[in-house]
Amino acid sequence: MIHEHSRRQFLRTSSVASVGAIGALSGAAAGARAETRPIAWVAPKSPVSISSGNGLRAVERAVLRIGEGLDPVLGVVEGVGIVEADPDDMTVGYGGLPNERGVVQLDSSVMHGPTHKAGSVACIENIMHPAAVALKVLQTTDHVMIVGHGAYEFARAHGFPHEDLLTDKARRAWLRWKQTSSDRDDWLDPGQMDWNEEGTSVGLAGEVEPVPFTYGTIHCGAVDTSGNLSACTTTSGLSYKIPGRVGDSPIIGAGMYVDNQIGSAGATGRGEAVIQSCGSFAIVQAMEAGMDPTQACLHVLRKIVSNSKRQKRLMRDAERPDFNVVMYALRKDGVHGSAAMFPGARYAVADGVGARLEPCAALFE
Ligand code: ASP
């Protein structure tokens, strides 16, 4: 077990105490829980922020700004904004990998614990900071989700600049995917061409491996010293997706969720699997029922695997899925955890001790 957090760290007043009770989070068990008093956690002594492994600068910024008195929701949006603007991160914002037509379409959601308000945008184009637009939805409208051209127009109305988000690096990756995606179309793959990208004749180059679809996202959650939580998730989503495809990131309860009494959660990886298991909501429910953040993440990953077994094409073998999902959880008292399907993933943490990467627990060896 990578993260072992003592339950003595927080004050329990609930009668739903045992981890054993958690296997059943639906039906009768959920009804029983509703009748019990909530667990009360003590706020951390310094702000704490966690994110996916690509968010070290984001958590550092979020904790710094929240420590200066900024609302956690503004802190996480400012933090992920650094990654959204980074052309080298091909999973988020500027430089993100495009859809199958070569157009960058971004998804993001934001949630503010104290007001339990959420805002989100999906399939937004030509706007570099979708998390900040989602925050505007939260702050300035009675809606939760705005998509497509409506989201673009909403962002423009709020002064967000129109920008070309397709970097040369992302365009080349997309072109290579297009050229290798089928041998029965008119796009010659590099193995069939006798010209290189510079236009020089090179003769036949041989077989070329197709480019796989790739996932990637940033999730960031934070809690301040009053125990107020917020979170956000922002992404360019599944690479080379069907135009208009919406992943889990902008869906409240799937790619991100906050309950100010309990904690926040988020997800990266195969969004379809996370949506179909209401991943982030399920994590917060599991923490409410008494699991620590790491256990809650593992619990939801198990659920995702069990649901995926019904679709054989998603499974590597009888037990292991053929995709990855990483879940992140931050409890109201600042205790945090993360788990991935397979070993090797890390998540970013910033707190009173500084910013660092920590290993995620793994469901499978
Ligand atoms: N979850 C995102 C999506 O499915 C992608 C990712 O996190 O890798 O759009």
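The values are calculated or read from the model by the stated rules, or taken from the named source; none is laboratory data. Just so we're clear, the structure is a prediction, and the values are computed from it rather than from any experiment. Here Cβ is always computed from backbone atoms with ideal geometry, including for glycine, and neighbour counts include all displayed protein chains. We work out accessible area using only protein heavy atoms, side chains counted, and drop any ligands, DNA or RNA first. Shrake-Rupley method; radii C 1.70, N 1.55, O 1.52, S 1.80 Å.
Quick look at the values:
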{"read-out": "Accessible area of region 241-329 belonging to carbon and sulfur atoms, whole % at 1.4 Å probe", "value": "50 percent"}
{"read-out": "Solvent-accessible surface (1.4 angstrom probe) belonging to His116, in square angstrom, nearest 10", "value": "90 Å²"}
{"read-out": "Share antiparallel - DSSP beta bridges, region 270-365, percent rounded to 5", "value": "85 percent"}
{"read-out": "Kirkwood-type radius of region 249-356, with distances r between different C-alpha atoms, in Å", "value": "13.9 Å"}
{"read-out": "Surface/4 of the Cα convex hull for region 281-338, nm²", "value": "3.9 nm²"}
{"read-out": "Virtual paramagnetic centre 7 Å along Cα→Cβ of Gln311, amide N under 15 Å, in region 320-334", "value": "321-325"}
{"read-out": "Label-point gap, in nm, between Asp322 and Glu100 - each point 7 angstrom along Cα→Cβ", "value": "1.8 nm"}
{"read-out": "Length released on extending from His143 to Arg356, taking residue separation times 0.36 nm less the Cα-Cα span", "value": "73.1 nm"}
{"read-out": "Label-point separation in nm, Lys169 to Ser226, each point 7 Å along Cα→Cβ", "value": "4.0 nm"}
{"read-out": "Surface accessible to a 1.4 Å probe, per residue, for the residues of region 37-177, Å²", "value": "41 Å²"}
{"read-out": "Heavy-atom accessible area per residue - region 243-343, 1.4 Å, Å²", "value": "31 Å²"}
{"read-out": "Under the Karplus curve 6.51 cos²θ - 1.76 cosθ + 1.60, θ = phi - 60°, whole-Hz ³J(HN,Hα) for region 296-304, x wherever Gly or Pro sits", "value": "5, 4, 5, 4, 6, 4, 4, 5, 4"}
